[in-house]
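The values are calculated or read from the model by the stated rules, or taken from the named source; none is laboratory data. What you see is a predicted model, and the numbers here were worked out from it, not measured in a lab. We place every Cβ from the backbone using ideal geometry, glycine too, and count neighbours over all the protein chains shown. In case anyone asks, the SASA skips ligands and DNA or RNA and just uses the protein heavy atoms, side chains included. Shrake-Rupley method; radii C 1.70, N 1.55, O 1.52, S 1.80 Å.
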Amino acid sequence: MIPKEIANSQKPKAKSFKNIFNNYDWNSVMESILSKTSNDVERALASDKRDLEDFKALISPAAKPYIEQMAQLSHQLTKKRFGNTIQMYAPMYLSNECQNICTYCGFSFTNKIPRRTLTDDEILKEVAFLKNKGYDHILLVTGEANRTVGVDYINNAIKLIKPHFSNITIEVQPLDQHEYELLIDNGLYAVLVYQETYHREEYKKYHPKGKKSNFSYRLDTPDRLGKAGIHKIGLGALFGLEDWRADSFFTALHLKYLQKNYWKTKYSISFPRLRPHSGGLEPKVEMTDPDLVQLICAYRLFDEDVELSISTRESEVFRNHIVQLGITSISAESKTNPGGYAVEPQSLEQFEISDERSTEEVTAMLKEQGLEVVWKDWEHFN
């Protein structure tokens, strides 16, 4: 018999992540990371159970000479936990309508672009294209426009798509707990919600207007998801806005809090780097390819169970190499515009993709590397 207190819904041990977050200062975190030494890195590499201080060491400048060693360990841990499998998914953009002003996004409210929201028939055309490619795991993406692509629209899309895909993930505007519960009841499997940056003061500069300008509401979104009983939550920061090391530390801090409080839920981390778009913002802080390799390996050493995802934002060459070093999920042939697969291929993209290979080409690359392609996320049971 499972004890009643365990069988009950997930209940957080802290009121929210915000209570934890408020105990940290951005500049102090940066100083701590930059102060790590080679001894700290070697201690972290030798440890069997790495904590947040070890993670700081692994993402620090002091760890740069150890990237090859980190990569080898990351490869070993990934194979031990996930075997030779890698998940394939495809994003499907439903709308580019947005009420937010985000200085880095092609869909920003102030950008004078044609706006498009897919109808039911258009959604099904996109579905048919992706099913024909073999996909069984779909990521639905919209801008943040509550009136046109609010909960009712998203709920209708999920019910429309559910008969065709085993796993439905969304990356849309943050919602209230009861709204997530409604979507989960109708087939929602996972939610990606990126804080963009955990630098509270700078966050407002990148999001000057719209609901997204509310830093705290966005920060509390994974808590609402955990309380709603979502199967999986995806976290991440947009690299290029602020220092990637500090944002990655706060993402790791967020991850550990969520795992402790919502232990029934699975977690993934994504690594979006700022890409060009119409009227685009240049990266404030550069994140090089070696930096991203270091970070991906650091996350795998920090948590061998967390799923790590890489998108078509990255180059063909980079993705060919990184799939052996910790990544467990990858997209292919992505279109970042509404109807981009079959309905309206020439409409405006949210950002430019880098790896433009077809699904078949990416699949062939993975198989050549001895990886087994999994077309849906790991099986789950209600």
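In the range 357-382, which residue that is aromatic (Phe, Trp, Tyr) and either in a helix (DSSP H, G or I) or within 22 Å of the chain's Cα centre (by Cα) (or both) is modelled with the highest pLDDT? Once the filter is applied, the top-ranked residue is 375. For the range 200-222, a residue qualifies if it is assigned to a loop (DSSP other than H, G, I, E, B) and buried (at least 22 other Cβ atoms within 10 Å of the Cβ), and exactly one does: 207. Being over 20 Å from the mean Cα position of the chain (by Cα), on the phi < 0 side of the Ramachandran plot and among the basic types (Lys, Arg) is a condition met by at least one residue of the range 192-204. Screening the candidates 188, 175, 182 for the property of being open to solvent by 40 Å² or more (accessible area, probe 1.4 Å), among the hydrophobic types (A, V, I, L, M, F, W, C), closer than 22 Å to residue 157 by Cα and out of contact with any Gly (no Cβ under 8 Å at 6 or more places or on another chain) yields one hit, 182.
For the range 1-109, the helices (runs of 4 or more DSSP H) that sit wholly inside it and include 2 or more residues that are at pLDDT 95 or above, open to solvent by less than 30 Å² (accessible area, probe 1.4 Å) and not polar (S, T, N, Q) are 17-21, 26-34, 38-46, 52-59, 67-82. Taking the range 117-151 as the range and being closer than 19 Å to residue 171 by Cβ, polar (S, T, N, Q) and more than 22 Å from the chain's Cα centre (by Cα) as the test, the residues that pass are 117, 148. Out of all the residues in the range 125-140, is one or more within 22 Å of residue 213 (Cα to Cα) and either assigned to a loop (DSSP other than H, G, I, E, B) or aromatic (Phe, Trp, Tyr) (or both)? There is no residue in the range 125-140 that is within 22 Å of residue 213 (Cα to Cα) and either assigned to a loop (DSSP other than H, G, I, E, B) or aromatic (Phe, Trp, Tyr) (or both).
Residues of the range 130-154 that are on the phi < 0 side of the Ramachandran plot, in contact with a helix residue (DSSP H, G or I) (Cβ under 8 Å, 6 or more places away or on another chain) and surrounded by fewer than 21 Cβ atoms within 10 Å (Cβ to Cβ): 131, 133, 146, 151.
The listed residues are 170, 158, 154, 184, and the only one of them that is part of a strand (DSSP E or B) and under 21 Å from the mean Cα position of the chain (by Cα) turns out to be 170.
Residues that are in contact with a strand residue (DSSP E or B) (Cβ under 8 Å, 6 or more places away or on another chain) and within 12 Å of residue 186 (Cα to Cα) within the range 133-166 comprise 154, 157, 158, 161, 162, listed in sequence order. Looking only at residues in the range 110-121 that are within 18 Å of residue 150 (Cβ to Cβ) and either touching a Gly at 6+ places or on another chain (Cβ under 8 Å) or modelled with pLDDT under 95 (or both), the one that is least open to solvent (accessible area, probe 1.4 Å) is 118. Of the candidates 311, 278, 329, 354, the single residue that is in contact with a strand residue (DSSP E or B) (Cβ under 6 Å, 6 or more places away or on another chain) and modelled with pLDDT under 95 is 311. When residues in the range 239-258 are screened for being modelled with pLDDT of 95 or more, open to solvent by less than 30 Å² (accessible area, probe 1.4 Å) and part of a loop (DSSP other than H, G, I, E, B), 1 of them pass. The residue that is modelled with the lowest pLDDT, counting only those in the range 223-238 that are part of a loop (DSSP other than H, G, I, E, B) and in contact with a strand residue (DSSP E or B) (Cβ under 9 Å, 6 or more places away or on another chain), is 238. In this structure, residue 136 qualifies as among the acidic types (Asp, Glu) and either in contact with a Leu (Cβ under 6 Å, 6 or more places away or on another chain) or within 26 Å of residue 330 (Cα to Cα) (or both).
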